[in-house]
Amino acid sequence: MATIIDGKAIAARVRGEVAAEAAALREKGITPGLAVILVGDDPASRVYVNNKKKACAEAGIYSEEIALPADTTQDELLALIASLNSRSDINGILCQLPLPSHIDDKAVISAISPLKDVDAFHAANVGHIMIGDYTFLPCTPAGVMELLHSAGITAAGKSCVVIGRSNIVGKPMAMLLLHENGTVTVCHSKTANLKQICQGADILVAAVGKAKFVTADMVKPGAAVIDVGMNRDENGKLCGDVDFAGVEPVAGWITPVPGGVGPMTIAMLLKNTILAAKHQNALLIK
Ligand code: GUN
């Protein structure tokens, strides 16, 4: 029987810490501010944006939603980002992905000032992460690390397997585990012997985007299994990339979906917004 890592409770703790920091900044006359841009009407993105706004309000962070129609041009979006880059009341800028297909997300990400890039998606911030000299950490991988630390799990010397190689999760996840001296393998759709590789993992992070992809026979007894997935099963029920019912009796630790990694992503976004406000107001030296 695995210990269930309660992301909701850990995120609530982090959000409490963020709220205290936001209050301390407001005492100094600084209200941290986050701009959230949503282009189009993707229902999942709408839910994520609403959750982010709600979390900001609860933490005492000003948030401004800019909802744009699906036919917004790339130039219009870039002009909006330029105006947000120059506003002193906006410390963080987040453009919810995916964007409509006529907009090049790389152009959009690179238009956001790296100082306000609370997603840590800009190439400059990705580079900082690569060399281990960063301000912002990408929210989901940082949330996973916080879950591991809160459960008393360290990566040093362990075999860590990340399934998925996206720029948002898989690649930065591998880097953060490596920074903590884990021995990291990144698996993907072309990986041969995926099952065998996963069977050797002390820490297994699933970020595949396929419902119940990780099954009990892929998991080493006692391993920490972290589920980044957010899918619907055959009955339309929310589920992760891990077959929770099958894996839970084998693993040492496991995160549920919902209530695992998801709440951490938002908590880390709030943390990055506070960091951005501090840096932009020269309250931190880095
Ligand atoms: N879409 C899915 N996850 C994310 C995220 O972490 N940030 C942004 N901006 N868009 C996303």
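The values are calculated or read from the model by the stated rules, or taken from the named source; none is laboratory data. As the structure is a computational prediction, the values presented were derived from the model and not from experiment. Please note: Cβ atoms are built from the backbone with ideal geometry, for glycine as well, and neighbour counts cover all protein chains shown. Quick note on the areas: whole protein, heavy atoms, side chains included, nothing else; ligands and nucleic acids left out. Shrake-Rupley method; radii C 1.70, N 1.55, O 1.52, S 1.80 Å.
Restricting region 247-272 to residues that are within 16 Å of the ligand (Cβ to nearest atom) and among the β-branched types (Val, Ile, Thr) leaves a set whose member that is nearest to ILE153 (Cα to Cα) is VAL261. As a summary of the residue check, VAL205 satisfies the conditions (1) in contact with an Asp or Glu (Cβ under 9 Å, 6 or more places away or on another chain); (2) farther than 27 Å from GLY157 by Cα except for the one numbered (2). Apart from one condition, ALA245 fits all of (1) in a helix (DSSP H, G or I); (2) touching a residue at least 24 places away in the same chain (Cβ under 8 Å); the exception is (2).
Pairing each residue of region 122-139 that is open to solvent by less than 30 Å² (accessible area, probe 1.4 Å) with any residue that is β-branched (Val, Ile, Thr) and part of a helix (DSSP H, G or I), provided the two are 6+ apart or on different chains, yields C-beta distances under 9 Å for HIS122/ILE109; PHE136/ILE129; PRO138/VAL126; PRO138/ILE129; CYS139/THR265; CYS139/ILE266. LEU269 meets all of the listed conditions (1) surrounded by fewer than 24 Cβ atoms within 10 Å (Cβ to Cβ); (2) outside any loop (DSSP other than H, G, I, E, B) but one, namely (1).
Working only within region 162-185, note down all residues that are buried (at least 20 other Cβ atoms within 10 Å of the Cβ) and more than 20 Å from THR265 (Cα to Cα). Matches in region 162-185: GLY182, VAL184. Restricting attention to region 36-58, the residues that are open to solvent by 20 Å² or more (accessible area, probe 1.4 Å) and within 23 Å of ALA19 (Cα to Cα) add up to 9. Summed over region 231-242, residues that are closer than 19 Å to VAL208 by Cα, assigned to a loop (DSSP other than H, G, I, E, B) and without any contact (Cβ under 8 Å) to a residue 40 or more places away in the chain total 5. Applying the condition of being in contact (Cβ under 8 Å) with a residue 60 or more places away in the chain and crowded, with 19+ Cβ neighbours inside 10 Å to region 140-150 and asking which residue is farthest from the ligand (Cβ to nearest atom) yields LEU148. Looking only at residues of region 100-120 that are in contact with a Ser or Thr (Cβ under 9 Å, 6 or more places away or on another chain) and touching a residue at least 40 places away in the same chain (Cβ under 8 Å), we find that the one that is surrounded by the most Cβ atoms within 10 Å (Cβ to Cβ) is VAL118. Considering (1) touching a Lys or Arg at 6+ places or on another chain (Cβ under 9 Å); (2) surrounded by 24 or more Cβ atoms within 10 Å (Cβ to Cβ), the lone condition that GLY259 does not fulfil carries the number (2). Criterion applied to GLY92, GLY60, GLY40 was being more than 13 Å from the ligand (Cβ to nearest atom) and touching a residue at least 40 places away in the same chain (Cβ under 8 Å), and the one residue passing it is GLY60. The helices (runs of 4 or more DSSP H) found wholly in region 90-195 and carrying at least 2 residues that are farther than 18 Å from VAL261 by Cβ occupy 105-111, 123-130, 170-179. Within region 59-77, the residues that satisfy the criterion of being surrounded by 15 or more Cβ atoms within 10 Å (Cβ to Cβ) and part of a helix (DSSP H, G or I) are ALA59, GLN74, LEU77.
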